[in-house]
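Colleague: The following block contains the structure, expressed as structure tokens.
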Amino acid sequence: MTTALITGATSGIGRSMALEFAKRGYRLILVARNQQALCTLAKRLNTKVKGLALDLSKPENCFLLHKKTKGINIDILVNNAGFGAFGEFYKSDLNNELNLIDLNIKAVQILTKLYLRDFRQKNRGYILNTASLAGFCVGPLMATYYASKAYVLRLTQSIKQELEHENSNVHICALCPGPVDTGFNKRAGVSFSMKPLTSDYVSKYAIRKMFQKKTVIVPGIVGKFSAVASKLLPSCITGKVCYEIQKNKSK
């Protein structure tokens, strides 16, 4: 039975991915901080589920997760856990930003490396890292979050080149959605300035494109347009546009 490991699995894109993989008959390892939420989700899934309540913003728990799953033949890793933070950089809470870096960057770094080593040994497997459209441009008023997603995007693209160079059958990709209707905006303290995509649509699209071995996955017409525009326009212009959009998001 194919096994998928999903972090940040109890809400938003992670939850939708769990539902989609379950429909495909995959065995699931679901990771989130809330044990009760994991149990509630597991009851909805008509497949074998192992739930692990771990706070992955603590690096030691990333290593613990790998240790706990060492004897399981994992085929797919979805690094989805993460959150955003809003505010002018000099005003925003440093501890919250460090926690964001620990989860959005460090956890992705550790888990990608550990499971990639396992996948390379058997020469197969998929890694899907949840980045964001934010990774394509500068992000005033959400500077740390945008920087974290740029890290995830470039890390993924760089690893992809390494794998292609050695003709590996391991595939890695970055999901880069724009606004998605999840709990993200509530935790970040913002409201959407445009109609968001649903997490179900994004997860189904991402899984399909992952299996098609797409490296950068951008769901939605608006998202694709924004990604292209960010490449064509200088950062001084995209930064100003982003500032105006972000300013209007503040609750």
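The values are calculated or read from the model by the stated rules, or taken from the named source; none is laboratory data. Owing to the predicted nature of the structure, the values given are computational and were not obtained by experimental measurement. Because the Cβ atoms are built from the backbone with ideal geometry, glycine has one as well, and the counts that use them run over all protein chains shown. Ligands, DNA and RNA are excluded from the accessible area calculation, which covers all protein heavy atoms including side chains. Shrake-Rupley method; radii C 1.70, N 1.55, O 1.52, S 1.80 Å.
Colleague: Take the conditions crowded, with 17+ Cβ neighbours inside 10 Å and at pLDDT below 70 and apply them to Val216. Does it pass?
Modeller: Considered against the rule, which asks whether it is crowded, with 17+ Cβ neighbours inside 10 Å and at pLDDT below 70, Val216 comes out as no.
Colleague: Give me a count of the residues in the range 21-46 that are surrounded by fewer than 18 Cβ atoms within 10 Å (Cβ to Cβ) and either at pLDDT below 95 or in a helix (DSSP H, G or I) (or both).
Modeller: Number satisfying all stated conditions: 9.
Colleague: Of the conditions (1) closer than 21 Å to Thr182 by Cβ; (2) open to solvent by 20 Å² or more (accessible area, probe 1.4 Å); (3) touching a residue at least 24 places away in the same chain (Cβ under 8 Å); (4) in a loop (DSSP other than H, G, I, E, B), Ser57 clears all except one; give me its number.
Modeller: Just one mismatch for Ser57, condition (2).
Colleague: Oh, and also: Among the residues of the range 1-20, write down those that are in contact with a helix residue (DSSP H, G or I) (Cβ under 6 Å, 6 or more places away or on another chain), among the polar types (S, T, N, Q) and open to solvent by 20 Å² or more (accessible area, probe 1.4 Å).
Modeller: Thr10
Colleague: Please determine, by comparing only the residues of the range 166-184 that are open to solvent by 30 Å² or more (accessible area, probe 1.4 Å) and within 18 Å of the chain's Cα centre (by Cα), which one is modelled with the lowest pLDDT.
Modeller: My answer is Phe184.
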